[in-house]
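The values are calculated or read from the model by the stated rules, or taken from the named source; none is laboratory data. Fair warning: this is a prediction, and the values are worked out from it, not measured in the lab. Cβ placement follows ideal geometry from the backbone for every residue including glycine, while neighbour counts extend to all protein chains displayed. Only protein heavy atoms, including side chains, enter the accessible area calculation; ligands, DNA and RNA are left aside. Shrake-Rupley method; radii C 1.70, N 1.55, O 1.52, S 1.80 Å.
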Amino acid sequence: MPSVASNSASYAELSSIFPLTHPVPSPLTHPDLLTPKDIHREEDLLRNPNSFRAWWTVLQATRESYVAQQKLERGLEIPDEIRTLLGPLATPSARLNLQRLTYLYESALVNFAGSFKLWKSYILMRMSFVCGRQVIKKRAGGKKKLPEMKDALEDEAEDLEEWDGPLDPIVGWEEWKGLIAVFERALMYLPKLPRLWLMYTSIFFHPACPSILCHTHARRTFDRALRTLPPSLHARIWTRYLLWAERRGGSTTFAVYRRYLSVDPSLSERYAQLLLNPVNSDPRPLEAAKLLLSLARKASKGEYTSPEDKSPYQLLETFIDVVEKFSDQVGLDVEETLESNKAIAEAEEVAEEASEPASIDGKLIRVGGPPVPVTANGDATRPYDPDEDPLNPKKLNIENIIKKDGLGVYKDQAGRLWAGLATYWIKRAEFDRAKETFESGLKNVLTVRDFNQIFDAYGEFGQSLMDALMENLRDEDDEEEIAETEKELDQQMKDFEELADRRPFLLNDVMIRRNSNDVQEWEKRVALWGEDDEKVAETYTQALETINPRKSTPNLHRLYISFARFYEEGGVSGQAEADLSSARKILEKATKVNFKSVDDLAEIWCEWAEMELRHDNYDEAIRVMQRAAATPKNTKVNYHDHALSAQARLFKSLKLWSFYVDLEESIGTVESTKAVYDKILELRIANAQIIVNYAAFLEENKYFEESFKVVYERGVELFTFPVSFEIWNIYLSKFIKRYGGTKLERARDLFEQALEKCPAKSCKPIFLMYAKLEEDHGLAKRAMSIYERATQLVNDEDKFEMYTIYIAKATENFGLPATRPIYERAIEVLPDRQTAEMCLRFAALERKLGEIDRARAIYAHASQFCDPRTNPRFWNEWNAFEIETGSEDTFREMLRIKRSVQAQFNTEASYLAAQTMAARTGGQVDKEDNEEPMDAMAAAERQAGRGPAFVAAKSTAAPRADGEDGEATAAPAVSTNADEIHISDDEDL
């Protein structure tokens, strides 16, 4: 658009055209409104003034005529200046049509002043001549029926009307004013229609809207709409109102938003962003910070839900971000903060003193604390807090807010909160206060993550401070200032190095604060001090005073022991003198600690005795163990009853007694050692190892009979199987070794007593030892009877081995024939898998004895347990047996039995089992069930290097291996006997 100065004449000329519609054009004032063609139309309207259809038809026809005429005028050359200034009214015909349409609409409204359709059409027509052509937007999808205000604002911002080529607001001021007047008249007749108000308010978003209309008049129009429309329709107006306020900026934005937030606080976060980034105004960080603080506090109490799904901590974090960015405008300085903290502390003390008890004489009067103000209907109201009032100019005590609303509530975010507070002081150039804040944070956090956050921020602060000092050092020219800066830089570097050296200690402090009963962390603390004996002793003392024994982590007793050894060895460096007196005091104190485990207390006593031994105080070591092992009158104490103290259960600690008895064996007498062993047995806390050790001790001192009668026999009474099995095993072996066959009857009684309660899985070694005794010193017949008993009583898994031993001993003592009944019983008792093996051995025995028929019968009996695919060894042996000793009939019988057995096992499950077993044993499973890889007879004959074992009568041909299942079938031969009967091999199938 050309400037006003250069086109003043044009402005004056064009402004003279207006107003076009004020007063309302009529044929009397504008003769060119009507043409001869319009006379008939006017007569019809005069005859039917109350016909809405007639008026509407005329209006539509006139508008269509204007649109057609407008299309014809598109080719007219109009100067750009005029088109820019006049917009839709750049041509005379457009101006004339505006007057004609205005005349018709105004005439129609005289009769139909309450018609929304007519008013809307009239307004849109006037807007098209003033605002320009409306840009139609394409939008996919629909709108939510009742969206949240946040979503409604976003949708409305996208749907705001846009126009192209408007009338200049200066030249066409009269028409703009006339358009507003039309809106006002329409609302006078139809004030309750929200659509009219929305169309009216859309004018204020027009970029060419005159400033006199889009500022104060617009605000008053929005206010009138809210006063006029019912509350259910206010949301539609507020959406436009808030968008207009955001674009307007300045105090208008803040005033409008504050009004809306008093009704609906859901846009508080949006308002806070507007306060920080306003239009046509300076930021208001203090107001934004107070608003965000109020939201964070309300959210933590469940009184506010963020439309952006922010958690209460995220709202507080947003508040901290504002504080860090606008530290000077938001928070108090150091002196003001200290004064505020002091005032807050005094107010809390007064409140605590003024708080009333909750009840008197058991009657409830009021919850303790200051009175809570309530409204008329009984609802509690929150007291006024200037920190939450955005309009209150008082600055915030950031330190108190972060400690109260941050650290007091969000303990898992302590690192971020402490770092934020320190950053606030850094932004205010209060570096000393920032260091104090960092140090306080490092001394208060409870997690490694928070510690790392604070320490990293602390390190970055120190690094940035050194960088700034070095930069200043390069820029300064004055020698005094350079020296002072260098001194400050050296101090800062020293502090930075000291901070790095303190990191392990600070981290250890964090771990101890998190769990002051963590023994391992206290041990790490001791190790950090290295050879600083004074600090090590101080740390040990502090640890033992702090740790609660009932809540401590394991190995608390090791802390006492290490502390005592510290004094015993003359400190960590070993340069000091050994202080046994202090070590004894520490151990004495440790014996009174109620440890969670009795063994921990027992180890304290044992360590005390070992310390005395290391310094050759043998008598003192014995006295220490005597004190530890003192037995109370009531010995019926449950060792596992944790309700009792460790001291009350110590006398039943086997660990303590084991060390005591070892000590007595080493430096005591035989009688004192026996007394300790007897006490252990009396308390019934001995285990099998104690019994064995006691017996070994008596044997070393030549108390053989006492070891047998007192120790072993008491041991087998105290314990049941399987523990007593080991005792019996040692007892019987030592008894036989010492007495041999001199006390045979007593040995037999011991064996019978051992076997009486011995379970089947443990009795095999005892039976073998018993039988060996009878073989060496008794009768062979009794030995055989013991083996017989063993085969019946041992576990099923051991029976095969037991029968094997039994058969071997019977063969050795009575010869091979005597083993037949044993084999027969074994075959009846053993499981199928072991029965086959036993049958093979039985058959071999019969073959040795020359009983071929008995051996063949045994093979036939065992065949029912042997699948040819999984047990080829059995069938190969039987095959070799038949080749060697049988006939053709017996061999055919073997093959028939083999087919029968294979058919019996021919199932899918057995076939899979056969494959598995063959794969494990390295055997080969045939691809087909009824197919053998080779004729067994032919293979055997080829190996033997001789002819066939069986030849049919008159047959001269050698057999060939073409039968199934390993059959030896003869090749066709010419028989000299015509009456010979040929028997097919398949008949056996």
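If only one of Val519, Val510 is in contact with a Pro (Cβ under 8 Å, 6 or more places away or on another chain), open to solvent by less than 80 Å² (accessible area, probe 1.4 Å) and more than 18 Å from Phe431 (Cα to Cα), which one is it? Talk me through it step by step, then tell me what you get.
On the way: Val510 fails: in contact with a Pro (Cβ under 8 Å, 6 or more places away or on another chain).
So the residue among Val519, Val510 that is in contact with a Pro (Cβ under 8 Å, 6 or more places away or on another chain), open to solvent by less than 80 Å² (accessible area, probe 1.4 Å) and more than 18 Å from Phe431 (Cα to Cα) is Val519.
Inspect all residues belonging to segment 29-52 and state whether any of them is surrounded by 10 or more Cβ atoms within 10 Å (Cβ to Cβ), at pLDDT 90 or above and not small (Gly, Ala, Ser).
So far as segment 29-52 goes, yes, one or more of its residues are surrounded by 10 or more Cβ atoms within 10 Å (Cβ to Cβ), at pLDDT 90 or above and not small (Gly, Ala, Ser).
Identify, please: which residue in segment 186-198 is part of a helix (DSSP H, G or I) and in contact with a Leu (Cβ under 8 Å, 6 or more places away or on another chain) and is, among those, farthest from Ser107 (Cα to Cα)? Walk me through how you get there before you give the answer.
Step one: of segment 186-198, the residues part of a helix (DSSP H, G or I) are 186-189, 194-198.
Adding the requirement that they be in contact with a Leu (Cβ under 8 Å, 6 or more places away or on another chain) leaves 186-187, 194, 196-197.
Working: Ala186: 14, Leu187: 18, Pro194: 25, Leu196: 20, Trp197: 23 Å.
Looking at the filtered set, the residue picked out is Pro194.
From the list Leu654, Leu663, Leu650, pick out the single residue that is open to solvent by less than 60 Å² (accessible area, probe 1.4 Å), of a type in the set (A, V, I, L, M) and closer than 24 Å to Glu569 by Cβ. Walk me through how you get there before you give the answer.
On the way: Leu654 fails: closer than 24 Å to Glu569 by Cβ; Leu650 fails: closer than 24 Å to Glu569 by Cβ.
Sole residue among the options that is open to solvent by less than 60 Å² (accessible area, probe 1.4 Å), of a type in the set (A, V, I, L, M) and closer than 24 Å to Glu569 by Cβ: Leu663.
Name the residue, out of Val409, Val372, that is within 26 Å of Asn452 (Cβ to Cβ) and either outside any helix (DSSP H, G or I) or modelled with pLDDT of 90 or more (or both).
Values: Val372 fails: within 26 Å of Asn452 (Cβ to Cβ).
Among Val409, Val372, only Val409 is within 26 Å of Asn452 (Cβ to Cβ) and either outside any helix (DSSP H, G or I) or modelled with pLDDT of 90 or more (or both).
Would you be able to tell me the number of residues in segment 550-565 that are of a type outside the set (A, V, I, L, M, F, W, C), more than 12 Å from Trp522 (Cα to Cα) and open to solvent by less than 10 Å² (accessible area, probe 1.4 Å)?
Adding up the residues that qualify gives 1.
Select from segment 507-544 the residues that are farther than 19 Å from Lys443 by Cβ and assigned to a loop (DSSP other than H, G, I, E, B) and list them in ascending order. Spell out the reasoning first.
Quick first cut of segment 507-544, residues farther than 19 Å from Lys443 by Cβ only: 517, 519-520, 523, 526-527, 530-534, 536-537, 540-541, 544.
Hits for segment 507-544 are Asn517, Gly530, Glu531, Asp532.
When you scan segment 612-633, do you find a residue that is small (Gly, Ala, Ser), assigned to a helix (DSSP H, G or I) and more than 49 Å from the chain's Cα centre (by Cα), even just one? Before the answer, list the steps.
Narrowing segment 612-633 to residues small (Gly, Ala, Ser): 621, 628-630.
If we keep only those that are assigned to a helix (DSSP H, G or I) too, we end up with 621, 628.
Restricting the remaining residues to those that are more than 49 Å from the chain's Cα centre (by Cα) gives 621.
Within segment 612-633 (the criterion being small (Gly, Ala, Ser), assigned to a helix (DSSP H, G or I) and more than 49 Å from the chain's Cα centre (by Cα)), the answer is yes, since at least one residue qualifies.
Could you figure out which of (1) at pLDDT below 90; (2) small (Gly, Ala, Ser); (3) farther than 19 Å from Ala429 by Cα isn't true of Ala500?
(1)
Considering segment 455-469 alone, what residues qualify as being of a type in the set (S, T, N, Q) and either touching a residue at least 12 places away in the same chain (Cβ under 8 Å) or open to solvent by less than 50 Å² (accessible area, probe 1.4 Å) (or both)? Give the steps one after another, and end with the answer.
So the first thing to find is which residues in segment 455-469 are of a type in the set (S, T, N, Q), and the list is 463-464.
Of everything in segment 455-469, just one residue is of a type in the set (S, T, N, Q) and either touching a residue at least 12 places away in the same chain (Cβ under 8 Å) or open to solvent by less than 50 Å² (accessible area, probe 1.4 Å) (or both), namely Gln463.
Those residues that are open to solvent by 10 Å² or more (accessible area, probe 1.4 Å) and touching a Pro at 6+ places or on another chain (Cβ under 9 Å), I need them from segment 174-188; list them, please.
Within segment 174-188, Glu174, Lys177, Gly178 qualify.
Let me spell it out: the conditions are (1) assigned to a helix (DSSP H, G or I); (2) within 27 Å of Glu162 (Cβ to Cβ); (3) hydroxyl-bearing (Ser, Thr, Tyr), and Ser281 meets all of them except one. Which number is the exception?
So Ser281 meets the others, but not (1).
Would you pick out the residues in segment 779-807 that are closer than 17 Å to Leu830 by Cα and of a type in the set (A, V, I, L, M, F, W, C)?
Of the residues in segment 779-807, the ones closer than 17 Å to Leu830 by Cα are 787-807.
Ala790, Leu793, Val794, Phe800, Met802, Ile805, Ile807 - these are the residues of segment 779-807 that are closer than 17 Å to Leu830 by Cα and of a type in the set (A, V, I, L, M, F, W, C).
Among the listed residues Thr916, Thr921, which satisfies the condition of being modelled with pLDDT under 75, under 24 Å from Asp798 (Cβ atoms) and hydroxyl-bearing (Ser, Thr, Tyr)?
Values: Thr916 fails: under 24 Å from Asp798 (Cβ atoms).
Criteria check complete, one pass: Thr921.
Among the numbered criteria (1) over 27 Å from Ser211 (Cα atoms); (2) among the small types (Gly, Ala, Ser); (3) open to solvent by less than 10 Å² (accessible area, probe 1.4 Å), which single criterion is violated by Ser262?
Unmet condition: (3).
Taking segment 268-297 on its own, how many of its residues are under 38 Å from the mean Cα position of the chain (by Cα) and either open to solvent by 40 Å² or more (accessible area, probe 1.4 Å) or modelled with pLDDT under 90 (or both)? Give the steps one after another, and end with the answer.
Within segment 268-297, the first condition is being under 38 Å from the mean Cα position of the chain (by Cα), and the residues that meet it are 268-273, 288-297.
From what's left, either open to solvent by 40 Å² or more (accessible area, probe 1.4 Å) or modelled with pLDDT under 90 (or both): 270, 273.
Count: 2.
In segment 149-156, is there at least one residue being open to solvent by 20 Å² or more (accessible area, probe 1.4 Å), of a type outside the set (A, V, I, L, M, F, W, C) and not in a helix (DSSP H, G or I)?
Within segment 149-156, not a single residue is open to solvent by 20 Å² or more (accessible area, probe 1.4 Å), of a type outside the set (A, V, I, L, M, F, W, C) and not in a helix (DSSP H, G or I).
Test of understanding: among Ala628, Ala578, Ala602, which residue is surrounded by 14 or more Cβ atoms within 10 Å (Cβ to Cβ), under 25 Å from Asn687 (Cβ atoms) and at pLDDT below 90? Working first, answer last.
Details: Ala578 fails: under 25 Å from Asn687 (Cβ atoms); Ala602 fails: at pLDDT below 90.
None of the others qualify; the one that does is Ala628.
Which ranges mark the helices (runs of 4 or more DSSP H) fully within segment 642-703 that have 3 or more residues being within 46 Å of the chain's Cα centre (by Cα) and closer than 17 Å to Asp599 by Cβ?
Working: elements: 646-649, 654-667, 670-683, 688-700.
Fully inside segment 642-703 and qualifying: 646-649, 654-667.
So which residues in segment 298-355 are within 21 Å of Pro265 (Cα to Cα), assigned to a helix (DSSP H, G or I) and among the hydroxyl-bearing types (Ser, Thr, Tyr), if there are any at all?
Once the filter is applied, which keeps residues that are within 21 Å of Pro265 (Cα to Cα), assigned to a helix (DSSP H, G or I) and among the hydroxyl-bearing types (Ser, Thr, Tyr), segment 298-355 yields Ser300, Tyr313, Thr318.
Looking at segment 235-245, can you tell me whether even one residue there is open to solvent by 40 Å² or more (accessible area, probe 1.4 Å) and either in contact (Cβ under 8 Å) with a residue 12 or more places away in the chain or closer than 25 Å to Ala113 by Cα (or both)?
Taking segment 235-245 first, the residues open to solvent by 40 Å² or more (accessible area, probe 1.4 Å) are 235-236.
Retained after the next criterion (residues that are either in contact (Cβ under 8 Å) with a residue 12 or more places away in the chain or closer than 25 Å to Ala113 by Cα (or both)): 235-236.
Checking segment 235-245: at least one residue is open to solvent by 40 Å² or more (accessible area, probe 1.4 Å) and either in contact (Cβ under 8 Å) with a residue 12 or more places away in the chain or closer than 25 Å to Ala113 by Cα (or both).
Which one of Thr742, Thr720 is outside any helix (DSSP H, G or I), open to solvent by 40 Å² or more (accessible area, probe 1.4 Å), at pLDDT 65 or above and of a type in the set (Ser, Thr, Tyr)? Let's see the steps before the verdict.
On the way: Thr720 fails: at pLDDT 65 or above.
The conditions single out Thr742.
Tell me, which helices (runs of 4 or more DSSP H) wholly within segment 750-858 include 1 or more residues that are over 21 Å from Glu877 (Cα atoms) and hydrophobic (A, V, I, L, M, F, W, C)?
Values: elements: 763-777, 780-793, 796-814, 820-829, 832-848.
Output list reads 763-777, 780-793, 796-814, 820-829.
Here is a yes/no grid of residues against (1) under 60 Å from the mean Cα position of the chain (by Cα); (2) modelled with pLDDT under 90; (3) in a helix (DSSP H, G or I); (4) surrounded by fewer than 17 Cβ atoms within 10 Å (Cβ to Cβ):
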residue: Trp56; (1), (2), (3), (4): no, no, yes, yes
residue: Ala61; (1), (2), (3), (4): no, no, yes, yes
residue: Gln69; (1), (2), (3), (4): no, yes, yes, yes
residue: Glu81; (1), (2), (3), (4): no, yes, yes, yes
residue: Arg139; (1), (2), (3), (4): yes, yes, no, yes
